[in-house]
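The values are calculated or read from the model by the stated rules, or taken from the named source; none is laboratory data. Since this is a predicted model, take the numbers as computed values, not measurements. A quick note on method: Cβ atoms are made from the backbone with ideal geometry, for glycine too, and the neighbour counts reach across all protein chains shown.
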Amino acid sequence: MNPAALTTTLVGLRALGEHQRASSLAMERLATGKHINRAKDDPSGMVAGERLAARREVINRVIDARERAGNLLGAFEGGAAEVTEQLQRLHTLTIASANRDGTTVEEREAMQIEAEGILASIAYTVGTTTFNGEAILEKGVQIELGGSSQTVSGLNLSGLGLNATSVVREGGETRVVNSTQVNFADVLDLVDGDAEANQRKVQAALDGVLGVRARVGALMKHGLEGEADALRQELEQVALAESRVMDADIAQEASELVRTQVLEQAATGVIEIARRNAMKTMMLLV
């Protein structure tokens with residue numbers, strides 16, 4: 001092979017190798033959708049991308065934790081709302097029974113029976129409102145928010161004899177157990193008891209429950225939801241930055257693939273022409 005043909009062939013082989021490597025890289029990026037598939041593709045970009053991916057994972061986990069905390073507070077709020085409704089009904093009975101001149105003893109006795117039923121229902125609600133097996137209305141809840149622990153106390157219904165209630169299930173039956181063994185009739189006597197005292201007890205319990213619900217609402221609205229929204233915004237920015245570093249530009253890579261394939265064909269053609277010319281020269285010399 002003469003020197004000119006040899007030089008052309010070597011140049012063509014080098015160019016062919018370069019174009020094949022570029023074509024393979026473009027196809028890999030198109031197949032994976034990633035601009036950086038290994039550290040050698042872009043060392044500094046790989047480090048930045050991995051750090052962004054780690055931060056994205058952390059944010060996702062924190063958001064999940066906030067959502068679980070929101071579910072916990074939502075369960076607490078639902079049970080507390082039911083207790084509020086029952087207490088409001090009980091408060092109505094204490095007001096109605098205070099009208100001794102306008103009601104008969106029989107009517108007040110019926111109110112007493114209903115009041116005791118409401119108290120038992122409240123005890124049942126407190127005992128059966130659970131989250132992950134915990135009686136949250138009775139024991140209260142604790143959540144992580146803003147890097148610190150936030151506590152919501154359990155409902156304080158001791159004034160109604162419901163301070164230590166629980167629900168047990170035996171033999172397929174559910175019953176309310178009160179460890180203080182308080183007789184509901186001793187707590188509220190709507191028949192001939194102190195009407196003002198009855199109302200004060202129920203109003204105090206109602207105010208206490210409403211106060212706890214207000215704290216739950218504040219934690220949900222200004223705490224969990226606000227923090228979750230901020231985290232979601234950060235997640236969007238982190239994901240966008242990670243995409244810019246790590247993801248391939250599909251249009252650019254497709255264009256690069258076409259370009260390198262055309263150049264591959266051109267390099268192959270040059271090599272083939274150099275080979276043929278060399279053969280012709282040899283034939284002339286023979």
Looking only at residues that are at pLDDT below 85 and under 22 Å from Ile63 (Cα atoms) in region 124-147, which one is surrounded by the most Cβ atoms within 10 Å (Cβ to Cβ)? Leu145
Quick check: anything in region 158-172 acidic (Asp, Glu), modelled with pLDDT under 70 and surrounded by fewer than 16 Cβ atoms within 10 Å (Cβ to Cβ)? yes
Specify the residue that is modelled with the highest pLDDT; the eligible residues are those in region 173-211 that are of a type in the set (Asp, Glu) and closer than 30 Å to Asp101 by Cβ. Asp207
Region 61-78, subset surrounded by fewer than 15 Cβ atoms within 10 Å (Cβ to Cβ) and in contact (Cβ under 8 Å) with a residue 60 or more places away in the chain, residue farthest from the chain's Cα centre (by Cα): Gly74
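Can we say Lys40 is of a type in the set (Lys, Arg), at pLDDT 70 or above and more than 33 Å from the chain's Cα centre (by Cα)?
yes
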Restricting attention to region 220-242, and to residues there that are in contact with a Leu (Cβ under 6 Å, 6 or more places away or on another chain) and surrounded by 17 or more Cβ atoms within 10 Å (Cβ to Cβ), which single residue is nearest to Gly154 (Cα to Cα)? Met220
I'd like to know if region 81-91 contains one or more residues that are within 30 Å of Ala230 (Cβ to Cβ) and touching a residue at least 12 places away in the same chain (Cβ under 8 Å). yes
Take the residues in region 79-109 that are farther than 21 Å from Tyr124 by Cα, assigned to a helix (DSSP H, G or I) and not hydroxyl-bearing (Ser, Thr, Tyr), then tell me which one is nearest to the chain's Cα centre (by Cα). Ile95
